[in-house]
Amino acid sequence: MPRLPAPDYPADVRERLAADAQEVIARYPDSRSALLPLLHLVQAEEGHVTRTGLRFCAEVLGLTSAEVTAVATFYTMYRREPGGEYQVGVCTNTLCAVMGGDAIFEGLRRHLGIGNGETTPDGKVTLEHVECNAACDFAPVVMVNWEFFDNQTVESAKALVDDLRAGRGAEPTRGAPLCTFRETSRILAGFPDPRPGAVEASGGAGPASLAGLRLAKGENAPRVGPPRSAPAQGDGPTPHREEGEG
């Protein structure tokens, strides 16, 4: 059966969102360029991009619902189903995976009792695979609402989600303090972060990200990873033997 047209927002909600939308649209010479931030805006309203949100974006931008849906379903940052207050993404791309990302995801899956894309019964945590957080020098990396938690282990990741579920919060390795998924979505829509000191808390990745650059410049970059242990006796490379040697 064909789906009925999506319902509209209540009048007061639509009026508020329409004012926010016009502020966003005014930043662009072509209104359709505002689609990505507007999808974040409607996601901030209900925690995911609903059919009502898609309808709203289409109407204020003069687009078809098919055009808006095509964009919303292309980008993984837009949820299409209800999710938790904290989106916990475990990078399982190549480097993070071999450094422990796969083990972390499996550990969290068992610890939380949910699978990929699922949410804990208390509505606090949504667990998902994430493809490359662009932080390979801090692998394995977990992101919570797009904030970095670097150099994780199975146990540290379990402690992280336990703190989030208990309301104790957690401090990212770098960047701004955590906020809820809806609050994050509104910030991504281009609206100021109202939390005191949140913007100033953003910063660079850290020494590991600069080590290669310093080496390329001929500088002596300090080691940023754990020292390699010396090979055990008998585990070293096989000595080269000339032809005919016993």
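Residue count for the range 88-140, restricted to those that are more than 21 Å from THR173 (Cα to Cα) and among the small types (Gly, Ala, Ser): 4. Reported count of residues in the range 129-146, each being open to solvent by 40 Å² or more (accessible area, probe 1.4 Å) and within 20 Å of THR184 (Cβ to Cβ), is 5. Checking each residue in the range 128-150 for being part of a strand (DSSP E or B) and either among the polar types (S, T, N, Q) or more than 16 Å from ALA97 (Cβ to Cβ) (or both) picks out VAL144, GLU147, PHE148, PHE149. Of all residues in the range 151-167, those that are of a type outside the set (A, V, I, L, M), farther than 14 Å from LEU127 by Cα and surrounded by fewer than 19 Cβ atoms within 10 Å (Cβ to Cβ) total 6. Scanning the range 92-124 for residues that are closer than 22 Å to HIS48 by Cβ and touching a helix residue (DSSP H, G or I) at 6+ places or on another chain (Cβ under 8 Å) turns up LEU108, LEU112, GLY115, ASN116, THR120, ASP122, LYS124. Which one is surrounded by the most Cβ atoms within 10 Å (Cβ to Cβ), of the residues in the range 76-107 that are within 17 Å of LEU160 (Cβ to Cβ), under 16 Å from the mean Cα position of the chain (by Cα) and among the aliphatic types (A, V, I, L, M)? Selected residue: VAL90.
Filtered by the rule that a residue be assigned to a loop (DSSP other than H, G, I, E, B), within 16 Å of the chain's Cα centre (by Cα) and under 30 Å from ARG109 (Cβ atoms), the range 162-212 gives ALA170, GLU171, PRO172, THR173, GLY175, ALA176, PRO177, LEU178, CYS179, THR180, ALA205. Taken together, the residues in the range 151-161 that are outside any loop (DSSP other than H, G, I, E, B) and either under 13 Å from THR173 (Cβ atoms) or in contact with a helix residue (DSSP H, G or I) (Cβ under 7 Å, 6 or more places away or on another chain) (or both) amount to 6.
Please indicate, with yes or no, whether at least one residue in the range 196-208 is open to solvent by less than 20 Å² (accessible area, probe 1.4 Å) and closer than 29 Å to LEU17 by Cβ. Yes.
The values are calculated or read from the model by the stated rules, or taken from the named source; none is laboratory data. Remember, it's a predicted structure, so these values are computed and weren't measured experimentally. We place every Cβ from the backbone using ideal geometry, glycine too, and count neighbours over all the protein chains shown. What goes into the accessible areas is simple: the full protein's heavy atoms, side chains included, and nothing from ligands, DNA or RNA. Shrake-Rupley method; radii C 1.70, N 1.55, O 1.52, S 1.80 Å.
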